[in-house]
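Q: After the structure tokens below, expect a handful of questions from me.
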Amino acid sequence: MLVPGMVYSHEHVPIDLSEVKQNEDCHLDELDLVVTEFKDLYSKGVRNVIDMTNRGMGRNIPYAEKVAKESGINIVQSTGYYQDAFLPVEVFRLSTFQLAKQMIDDIQVGIKGTKQKAGVIGEIATSKNRWTMGEEKVFKAAAIAQNETGCPISTHTSIGTLGHEQVNFFQRENVDLSKVVIGHVDLTGDIDYVLQMLKKGVNVEFDTIGKNNYMPDEIRAQMLQVIEKEGYEDSVLLSMDITRKSHLKINGGNGYSYLLDNFIPKLREQGLSEEFIHKMLIDNPQRIFGDIHA
């Protein structure tokens, strides 16, 4: 459930991918620094953050609750599993229906050992240009859980690949596409590819804002210009996808507020309408994520 105000639709409050990546920078556990940045977000009007750190990614509910309490920002928890390399053994041990039951329980009953209920199934992932058996099993479980609960699904596409394959899968599974968000599409740099997804009725996420080593923000802004011109303003979300210690401001990174401080002014300079900006930050995420526990 969301509160009124801006929404960062794809973030990580804590996250720990360090063991697989063999890089301690990938363990984001700087509580005081994150709280400081979230307080700054609150001062700029952000009221909700969707925390995509799920099972196998270092999900830490007490940590996220501390950030929420100290910053005033509502943090929405997730359920599901990530990419193949990060899948815990239970994904292969349990049946698809047992995995779905886990997700349903997280949504309807609560995440075990906490009072928090998941408000999104995500980020569920495919690998770069390939879809492993484990990942497909997670997607099937997510589809079952979505059909049962109505909970939105948010995905990870690796460098933007397999987005169409994800959409086609959800179509075959009779998932409500208006409740599906295909993530990291800004990394494709291919507006025609993104428009074809939008035509199928899903939502897309420009959620690696500021990661110019992957894709320049100028390209992201140009893609959003075309999306507005083509009339798909109601189907786009924005976020940063902060995942590393080095992404925080004090450590030399852009920080969570880069989206509001740098990227939104760039969109205004490029001529995007205030209405479209408002939709990406407020109206669209409020519609998609806002009513699951209302």
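The values are calculated or read from the model by the stated rules, or taken from the named source; none is laboratory data. It should be emphasised that the depicted structure is a prediction, and the values quoted were computed from it without experimental measurement. Don't worry about glycine lacking a Cβ; one is built from the backbone with ideal geometry, like all the others, and counts go over all protein chains shown.
Q: Just name the residue that is farthest from Val180 (Cα to Cα) out of those in the range 103-128 that are modelled with pLDDT of 95 or more and of a type in the set (Gly, Ala, Ser). Even if it seems obvious, please write down each step before you answer.
A: Taking the range 103-128 as the starting set, the residues that turn out to be modelled with pLDDT of 95 or more are 103-111, 116-128.
So of that shortlist, the ones also of a type in the set (Gly, Ala, Ser) come out as 110, 118-119, 122, 125, 127.
Working: Gly110: 22, Ala118: 16, Gly119: 13, Gly122: 10, Ala125: 13, Ser127: 18 Å.
Among those that are modelled with pLDDT of 95 or more and of a type in the set (Gly, Ala, Ser), it is Gly110.
Q: Hey, another quick one. Taking the condition of a type outside the set (A, V, I, L, M, F, W, C), in a helix (DSSP H, G or I) and surrounded by 15 or more Cβ atoms within 10 Å (Cβ to Cβ), does Glu123 pass?
A: Values: of a type outside the set (A, V, I, L, M, F, W, C): yes; in a helix (DSSP H, G or I): no; surrounded by 15 or more Cβ atoms within 10 Å (Cβ to Cβ): yes.
So Glu123 fails the test.
Q: Go through the range 228-243 and give me each residue that's of a type in the set (Asp, Glu), under 16 Å from Val202 (Cα atoms) and outside any helix (DSSP H, G or I). Break it down stepwise before answering.
A: The initial filter retains those residues of the range 228-243 that are of a type in the set (Asp, Glu), namely 228, 230, 233-234, 241.
Then keep just the ones that are under 16 Å from Val202 (Cα atoms); that gives 228, 230, 233-234.
Within the range 228-243, none qualify.
Q: Also, quick follow-up: What is the number of the single condition among (1) over 13 Å from Ser235 (Cβ atoms); (2) within 17 Å of the chain's Cα centre (by Cα) that Ile182 does not meet?
A: The failed condition is (1).
Q: Can you give me the ranges of the helices (runs of 4 or more DSSP H) entirely in the range 128-208 with at least 1 residues that are in contact (Cβ under 8 Å) with a residue 24 or more places away in the chain, in contact with a His (Cβ under 9 Å, 6 or more places away or on another chain) and surrounded by fewer than 21 Cβ atoms within 10 Å (Cβ to Cβ)? So that I can check it myself, show each step before the final result.
A: On the way: elements: 133-149, 163-172, 191-199.
Hits in the range 128-208: 191-199.
Q: Which condition breaks for His278 when tested against (1) in contact (Cβ under 8 Å) with a residue 24 or more places away in the chain; (2) closer than 21 Å to Asn74 by Cα?
A: For His278, the exception is condition (1).
Q: Would you pick out the residues in the range 129-168 that are of a type in the set (A, V, I, L, M, F, W, C) and in contact with a strand residue (DSSP E or B) (Cβ under 9 Å, 6 or more places away or on another chain)?
A: Here is the first cut: in the range 129-168, the ones of a type in the set (A, V, I, L, M, F, W, C) are 131, 133, 138-139, 141-145, 151, 153, 159, 162, 167.
The answer is Val138, Phe139, Ala141, Ala142, Ala143, Ala145, Cys151, Ile153, Leu162, Val167.
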